[in-house]
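Trainee: The structure is given below, and queries will be raised subsequently.
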């Protein structure tokens, strides 16, 4: 049976939510992100883009390019609530869907043509989301995830596009190579240096040429340029989680030690999230005392994967949960309600320096191991539990504690 894959994308999501809450912002140029000159643009309206503004650029530069823009400090909690509203609608109407980020979804509509007509069904779903949430949303429909995602981007803003079976290559051919998912700035420049501009040129090249230039990724890009993608829709599950815990050889009441281990655990799991391009919306702390009674506490939070946001919340939960009169046998933490996403840092509060610091730390960890960079407050934790990878013996880089 021929696959039918739907890709849904909430248009300029953060901006749309702000306009939903304040109608006076409609049609005005908007910048969402950190408001200081050292802040970063998390999202921008279409009106600002003609001035060269884009997400991820310094807020100061964005204001200089578009002085008329209205700067707004984003609220991750508000955006998470609207994302959950859309998720609930899709979950009710679609048998198999994947939440790939806070504002993007894939759905497998294979076989629905027999009963409803996939395009009609997708159109009605889009209309319902807009009606019930007040948010604009676009979709692309095709035989696979890659072509559907590209179709969505071509359909924007607030529109829809279907690519019939067999027309994947002709649809992709005239587009810029930068529109192929997985082609970032560096890869784009490499391909441009080879004289490649349109997808059509890649389609006409032998796959081994792309592989010689870009290695394994070259083969993947060639397949995507030709509309070939067999990636399945991964069922969304709120209960998906990662966790770690530490059982002590000797029960302890050393609060400093316990906090240090919790910090190290959180830092390690947060890195695992960023490495896997995941975000968490629910965190939990578990304590087992010497009498084997176990207690836990969980908290819903805005989607994040930044340990400097997660650590204070974990410590606050531990403080409210901990009974100082009893010895502790085990402690653990869990991150759940995971979704894929690139909003890896809280762009509404963080500066360019913090974003650069995370990038640098994760680069070192990826190359030299999970514990090659650690906080000074977590130095006492020799291990952070079952998830910890063996340390390769290099002395770690220690980050002194600094209040955010």
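Results for (1) in contact (Cβ under 8 Å) with a residue 60 or more places away in the chain; (2) surrounded by fewer than 18 Cβ atoms within 10 Å (Cβ to Cβ); (3) more than 24 Å from the chain's Cα centre (by Cα), shown as yes or no for each residue.
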residue: 229; (1), (2), (3): yes, no, no
residue: 249; (1), (2), (3): no, yes, yes
residue: 259; (1), (2), (3): yes, no, yes
residue: 267; (1), (2), (3): yes, no, no
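Trainee: Could you tell me which residue of segment 202-213 is nearest to the chain's Cα centre (by Cα), considering only residues that are farther than 22 Å from residue 145 by Cα and in contact (Cβ under 8 Å) with a residue 12 or more places away in the chain?
Mentor: For segment 202-213, the residue satisfying everything is 213.
For (1) under 19 Å from residue 29 (Cβ atoms); (2) in contact (Cβ under 8 Å) with a residue 60 or more places away in the chain, each residue gets a yes or a no:
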{"site": "51", "(1), (2)": "yes, no"}
{"site": "59", "(1), (2)": "yes, no"}
{"site": "62", "(1), (2)": "yes, no"}
{"site": "80", "(1), (2)": "no, yes"}
{"site": "92", "(1), (2)": "no, no"}
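Trainee: OK, next. Taking residue 131, is it within 26 Å of residue 80 (Cβ to Cβ) and either assigned by TED's automatic domain parsing to the domain that holds residue 273 or out of contact with any strand residue (DSSP E or B) (no Cβ under 6 Å at 6 or more places or on another chain) (or both)? Reasoning before the result, please.
Mentor: Values: within 26 Å of residue 80 (Cβ to Cβ): yes; either assigned by TED's automatic domain parsing to the domain that holds residue 273 or out of contact with any strand residue (DSSP E or B) (no Cβ under 6 Å at 6 or more places or on another chain) (or both): yes.
Judged against the criteria, residue 131 is a match.
Trainee: Hey, residue 111 hits all of (1) in contact with a helix residue (DSSP H, G or I) (Cβ under 8 Å, 6 or more places away or on another chain); (2) in contact (Cβ under 8 Å) with a residue 60 or more places away in the chain; (3) surrounded by fewer than 16 Cβ atoms within 10 Å (Cβ to Cβ) but one; which does it fall short on?
Mentor: (1)
Trainee: So which of 242, 287 is surrounded by 15 or more Cβ atoms within 10 Å (Cβ to Cβ), in contact (Cβ under 8 Å) with a residue 12 or more places away in the chain, under 25 Å from residue 81 (Cα atoms) and in contact with a helix residue (DSSP H, G or I) (Cβ under 8 Å, 6 or more places away or on another chain)? Before the answer, list the steps.
Mentor: Details: 287 fails: under 25 Å from residue 81 (Cα atoms).
Testing whether each residue is surrounded by 15 or more Cβ atoms within 10 Å (Cβ to Cβ), in contact (Cβ under 8 Å) with a residue 12 or more places away in the chain, under 25 Å from residue 81 (Cα atoms) and in contact with a helix residue (DSSP H, G or I) (Cβ under 8 Å, 6 or more places away or on another chain) leaves just 242.
Trainee: Still on this model: Looking at segment 121-148, which of its residues are over 16 Å from residue 110 (Cα atoms), surrounded by fewer than 23 Cβ atoms within 10 Å (Cβ to Cβ) and under 24 Å from the mean Cα position of the chain (by Cα)?
Mentor: Result: 126, 129, 130, 133, 134, 135, 136, 138.
Trainee: Output the residues belonging to segment 257-306 that are within 16 Å of residue 328 (Cβ to Cβ) and in a strand (DSSP E or B). First the steps, then the outcome.
Mentor: Taking segment 257-306 first, the residues within 16 Å of residue 328 (Cβ to Cβ) are 257-265, 285-297.
Those that are within 16 Å of residue 328 (Cβ to Cβ) and in a strand (DSSP E or B): 285, 286, 287, 288, 289, 294, 295, 296, 297.
Trainee: State yes or no: is residue 319 touching a helix residue (DSSP H, G or I) at 6+ places or on another chain (Cβ under 6 Å) and surrounded by fewer than 18 Cβ atoms within 10 Å (Cβ to Cβ)? Lay out the reasoning, then the answer.
Mentor: Details: touching a helix residue (DSSP H, G or I) at 6+ places or on another chain (Cβ under 6 Å): no; surrounded by fewer than 18 Cβ atoms within 10 Å (Cβ to Cβ): yes.
Judged against the criteria, residue 319 is not a match.
Trainee: Kindly evaluate residue 68 against the criterion of being in contact with a strand residue (DSSP E or B) (Cβ under 9 Å, 6 or more places away or on another chain) and in contact (Cβ under 8 Å) with a residue 24 or more places away in the chain. It would help to see each step written out before you state the result.
Mentor: Numbers: in contact with a strand residue (DSSP E or B) (Cβ under 9 Å, 6 or more places away or on another chain): no; in contact (Cβ under 8 Å) with a residue 24 or more places away in the chain: yes.
Taking the combined requirement at face value, the residue does not satisfy it.
The values are calculated or read from the model by the stated rules, or taken from the named source; none is laboratory data. Note that this is a predicted model, so its numbers are computed, not measured. No Cβ is skipped: glycine too gets one built from the backbone with ideal geometry, and neighbour counts run over all protein chains shown.
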